[in-house]
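Asks: Right, I'll just put the structure down here and ask away after.
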Amino acid sequence: MIVAIAALTTLHHLGDADVCGSNEAVEAVFLQQMVEHDALLFPLENGHSPMYKPPLFHWTAVAIDRLAGITKVTAFNLRLPAALYAIAGVILTIALGYAFLGPDTAVIAGLILTASYQYVENARVGRVDMTLCFFETLSLFSFMWWFSTRDPSSSPTRLHNQEVQEDHCETRPHPKRGSPAHLVLAISLGLAVLAKGPVGALLPGLAILIFLIAERQVSDVWKLATPTTVILTLGIASSWYLACLFGRRYGFLDRQIGSENFGRFFGSLGSMSPAYYLKPLLLNSGPLSLMVPFAVFAALRTYRRHSPMLDHSGHPSTVANAPDPSTRPASEKAPTSAESGTRPAQNPLSIWMALRMMFLPPMDSADAARTSPDASYWAILTVRLCAIFWVVTVLFFTVAAYKRRAYLLPLWPASAIMLSWWITALGRTRPGKFLRGAVVLTCAILIAVNFFYLPRKEVRDCAGDSLRLAATQINRIVGPAEPLYLFGFEDEPAPLLFYLDRTAPRIWGKLGDAPPGYVIVTADAWHRLKDQALDLQPVLEARSGRPRIILLRHGKALAER
């Protein structure tokens, strides 16, 4: 049901808005070269500009178009891969929640992810960010899959944890030993690199390493990084880069590694304040995003506090085997809250206790601690990994000089897991149950808002900027074999190039020195320079789109059709 809702939300009127944003249009031009001109490895924008990102997103779109028999790129099939990756991300999040936190928590996690504005917004844009988000999430999931099924001899707590789970009748299925989880992890890390560069493997890999160190399982690094998995990851991750190297396409390597990775990190493309992400972190999907830092804090706090099913070292404890209060003889005095390790009931109106409950999931009875999925061993480990990944990602991009809101997108599946766990933990108290119901209701409202509001917003935002009509008018005038050039464009011309569906090289210098043919010039540049270009005659002044453009003709012979 949740997956169907996610599909409806992301696919609803997906192609209604034109391609008018420069970042999306750039990807559209490269995809156009792949689908319509078979330039699968080294597509060029406007005949000379190499790709900004590795091509996994574009290859996915090509595969979809080939399977569907589509031969022309439109706004819909440009955005379709991102939407499908987003839907798959919801499925993956629910699966992760179900496997390690329980079905109820998994449902809430799926609702939270489908309701998050930033996640759905990026699912409806033809860019590479959602592809990266999916494979980073798959990396974390496959690691937990492997960590839960590795050789028991690698962890002295594994057998004891199995006994605790059997005592508590925890029947949530875990993959059996011998499962290919380590291979899935290796493949997902490699594909994450092909999605957006080395950062795709760096961040989940660093989070996994820190997690193993924190859990005192450093030896598992060598069990995970076998020659097979290392070769598999490096082979997939480097495949396109090696093709560029052996194909002597050094411009692609320089742009992708030099400019897009090191340049963005060290500031050659510009820099933003270290506090840049404060607003996006808290407000990108309010009110859910306001709650995520509390869930992160609660997850990390499990390293310091006594958890119902973990001892102080983070291993399963025998607290869960405490006797059931309902079987205590009437003559026996009930233990005090201090003796039983539980907190007494508190006034729900107490601000102080409300704040305490935000960070300390309650332990109202030994029975609640014994049966609640949020307190289980694997739930604790899962949210710890998600919290570490959240912190690593935020710190990495905070240190990086160049910043974008979309860089935080991969945090949302992990945030949905942590937030659902935290809400489930608080749901064992009366105020917590109210909070849980309020969150579910809020998610339902936000999903409805995303469903109706986002398509209208996309169309409205693009209404005055689209150059589709102008490109159509230009193509009616300029023949396919006639030369066409661009002059005076200060911004990226990709939105125009996509709808022209042809090469239009830029010309520099004086407008009057333009070669014979047709020249597309911005209205501002023409009004400023027309006295210097007396041989060029306007043949079309487009009234739609931004920037306003004028088509000039240089040479009367070209006007004869």
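Asks: Between K72 and L183, what is the label-point separation in nm under the 7 Å Cα-to-beta-carbon projection?
Replies: 4.3 nm
Asks: For segment 32-72, what is the Kirkwood hydrodynamic radius in Å, using each pair of distinct C-alpha atoms?
Replies: About 10.5 Å for segment 32-72.
Asks: What does the extension gain come out to for Q537 and T472, with contour length at 0.36 nm per residue minus their alpha carbon separation?
Replies: Stretched out fully, the Q537 to T472 stretch lengthens by 21.4 nm.
Asks: While we're on this one: Count charges around S273 for me, please; just the other residues with Cβ under 13 Å from its Cβ, Lys/Arg as +1, Asp/Glu as -1.
Replies: Charge balance near S273 sits at +2.
Asks: Are any of the pairs K53/K403; K279/K403; K196/K223 more than 22 Å apart by Cα-Cα distance, and if so, which?
Replies: Too far apart for the 22 Å limit: K196/K223.
Asks: Another question, if that's okay. For the ranges 240-250, 537-547, what's the packing order if you count other beta-carbon atoms within 10 Å of each residue, average per peptide, and put the highest first?
Replies: 537-547, 240-250
Asks: At most 11 other Cβ atoms within 10 Å and a DSSP loop assignment: could you name the trypsin sites (Lys or Arg not before Pro) in segment 403-495 that fit?
Replies: Qualifying residues, ordered by number: none.
Asks: I want to check the label-to-label distance for D16 and D104. Put each point 7 Å from Cα in the C-beta direction and report it in nm to one decimal.
Replies: Spacing of the two 7 Å Cα→Cβ label points: 3.8 nm.
Asks: Using per-residue counts of other Cβ atoms within 10 Å, averaged over each peptide, order 515-526, 182-193 from highest down.
Replies: Highest to lowest by the protection proxy: 182-193, 515-526.
Asks: Just add up the charged neighbours of L31: K/R +1, D/E -1, any other residue whose Cβ is under 13 Å from the Cβ of L31.
Replies: Once all neighbours under 13 Å are counted, the net charge is -2.
Asks: Output ³J(HN,Hα) for segment 238-245: one whole-Hz value per residue in order, computed from phi by the Karplus curve 6.51 cos²θ - 1.76 cosθ + 1.60 with θ = phi - 60°, and x for Gly and Pro.
Replies: 8, 4, 5, 5, 5, 4, 5, 5
Asks: Please work out how much length the chain gains when fully extended from R456 to I91, using 0.36 nm per residue of separation minus the C-alpha to C-alpha distance, in nm with one decimal.
Replies: 128.8 nm
Asks: Considering only protein heavy atoms and a 1.4 Å probe, what is the carbon-and-sulfur percentage of the accessible area of segment 429-496?
Replies: 62 percent
Asks: Arrange the residues H527, H554, H58 by how much accessible surface each exposes, largest first, with a 1.4 angstrom probe.
Replies: Per-residue accessible area, sorted high to low, gives H527, H554, H58.
Asks: Same structure, new question: Mind giving me the FRET efficiency for I213 and T503? R0 is 60 Å, r the Cβ-Cβ distance, nearest 0.05 is fine.
Replies: 0.70
Asks: Can you give me the solvent accessible area of M272 with a 1.4 Å probe, rounded to the nearest 10 Å²?
Replies: Counting only protein heavy atoms, M272 exposes about 60 Å² to solvent.
Asks: Separation between the I257 and R528 pseudo-spin-labels, each 7 Å from Cα along Cα→Cβ, expressed in nm?
Replies: Result for the modelled spin labels: 3.9 nm.
Asks: Using a 1.4 angstrom probe, figure out how much accessible area segment 440-561 has per residue, in square angstrom, rounded to the nearest whole.
Replies: It amounts to 55 Å² per residue over segment 440-561.
Asks: Using only the alpha carbons of segment 1-96, what is the convex hull's orientation-averaged projected area in square nanometres?
Replies: 6.9 nm²
Asks: Taking a probe of 1.4 Å, how large is the accessible area per residue of segment 1-48, in Å²?
Replies: Counting only protein heavy atoms, the per-residue value for segment 1-48 is 39 Å².
The values are calculated or read from the model by the stated rules, or taken from the named source; none is laboratory data. The structure displayed is predicted, hence computed values, not measured ones. Using ideal geometry, Cβ is built from the backbone for each residue, glycine included, and neighbour counts are taken over all protein chains shown. Accessible surface is based on the protein model in full, side chains and every heavy atom, while ligands, DNA and RNA are left aside. Shrake-Rupley method; radii C 1.70, N 1.55, O 1.52, S 1.80 Å.
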